[in-house]
Amino acid sequence: MKKLVALVLALLMALSCCVALADDVTVAFSQIGQESDWRTANTDSIGKWVGEHEGWIYTYDDAQQKQENQIKALRNFITQGVDVIVLTCIVDSGWEEVLKEINDEEIPLILVDRMPDCMDKIEYYAAFGGDFVEEGRRQVAWAGEYLKTLGRGEEEVSVAIMEGTTGSGAQVGRTEGNLAAMEAYPNMKLVAQQSGNFTRAEGQALMESWLKSIDKIDVLIAQNDDMALGAIEAIKAAGLVPGKDIIIVGCDSVKAAFQAIVDGEMNATIECTPLYGPAVVQCIENLLSGVPGSKELQHPDEGVYDMDGGIDVGGVVSIKAGDVIDERVY
Ligand code: AHR
């Protein structure tokens, strides 16, 4: 009987503690910057869902593309005594010290989008983000399969890979997937590989310089849609026809890319969802109700979108972008 009373008391205490916390929770988000349409949608999604949650206070920091600003923000969050920290990492490395400081203060940490490379050395409540290697694999597989539909499966084609921010999880993973997939398409020859830093302006500038220095580019693999959209401007300015003279495969599946596909200037985009707001809220609610966390990195289900649909990239078949453009909110 004594044991039962103790158990009930412990449960009641745990419950009252959860309710007290749930009523006055400060959630802080360290965002890397605003380099792309994807990033804006990601900021808006988390800001809306967490910011509008009843009883929660939302704190946000934009690091302006600098890791040192993110580290400073995380230390400020610790000093402010926030209850939960949400983090996406601009680059993979250099996080262990500050994340251990967060662990020492026992502030629950939720990792989204880009992960740190020290996940096995730190504590965190949950982690979810895109499967970057798979996204990169799908980009090249889409181009390889599309070339076959054009009867160019045996033709030697020149491929340029426009990479994202060097050292970021999205760049490292997508490059690994791009290069691994090229082994399955021996007709695809790599002629250029350089960073456009995930921005439209740098994508445009890089494409301009490639078009001056490289004889022929048949396929552009741009590791995000913003760089692809910038490259389209450079291709048009050079008197070439984007989507025809150069096959363009982006990544993210933002509405502007869907529009470029509908307009015939871009060929395909691989989805990487930025809409983590609902998942972050669910995660914090679980945390506050005492649900144990999980160290398993979770990936959302994502699609492939193109001009006509029906291209099988292994594991997923593409959908016609024009059929779903009106549903896209970012
Ligand atoms: O980490 C996700 C990537 O970061 C998106 O593909 C890109 O647009 C963003 O800048």
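General observations
- With each label modelled as a point 7 angstrom along the Cα→C-beta vector, the residue 282-residue 240 pair spans 4.2 nm.
- Residue-span extension gain [residue 104 to residue 201] - 0.36 nm each, minus C-alpha spacing: 30.8 nm
- Simple spin-label estimate for residue 176 and residue 80 in nanometres, 7 Å along Cα-Cβ: 3.3
- Chain lengthening between residue 326 and residue 96 when straightened (0.36 nm per residue, less Cα-Cα): 78.6 nm
- Cross-link reach is defined here as a Cα-Cα straight distance under 16 Å, omitting same-chain residues fewer than 8 places apart; for residue 212 the aspartates and glutamates meeting it are 202, 233, 245.
- Across region 149-211, the mean sequence separation of Cα contacts (distance under 8 Å, 6 or more residues apart), normalised by length, yields a relative contact order of 43 percent.
- For region 160-225 versus region 93-137, the spacing of their alpha-carbon centroids is 26 Å.
- Reachable aspartates and glutamates from residue 295, criterion Cα separation under 14 angstrom, eight or more residues apart if same chain: 117, 120, 123
- Chain lengthening between residue 118 and residue 184 when straightened (0.36 nm per residue, less Cα-Cα): 20.6 nm
- At R0 = 22 Å, FRET efficiency that the Cβ-Cβ distance of residue 166 and residue 209 yields, to 0.05: 0.85
- Accessible surface, per residue, of the chain when the full set of protein chains is kept, probe 1.4 Å, Å²: 44
- Student exercise, the chain dipole from Lys, Arg, Asp, Glu Cβ charges, in Debye to nearest 20: 200
- With 32 Å as the limit on Cα-Cα distance, the pairs of 189/320; 100/255; 72/320 that go past it are 100/255; 72/320.
The values are calculated or read from the model by the stated rules, or taken from the named source; none is laboratory data. None of the values given here were measured: they were computed from a predicted structure. Note that we place each Cβ from the backbone using ideal geometry, even for glycine, and neighbour counts take in every protein chain shown. Ligands, DNA and RNA are stripped out before the accessible areas are found, and what is left, the full protein with its side chains, is counted by its heavy atoms. Shrake-Rupley method; radii C 1.70, N 1.55, O 1.52, S 1.80 Å.
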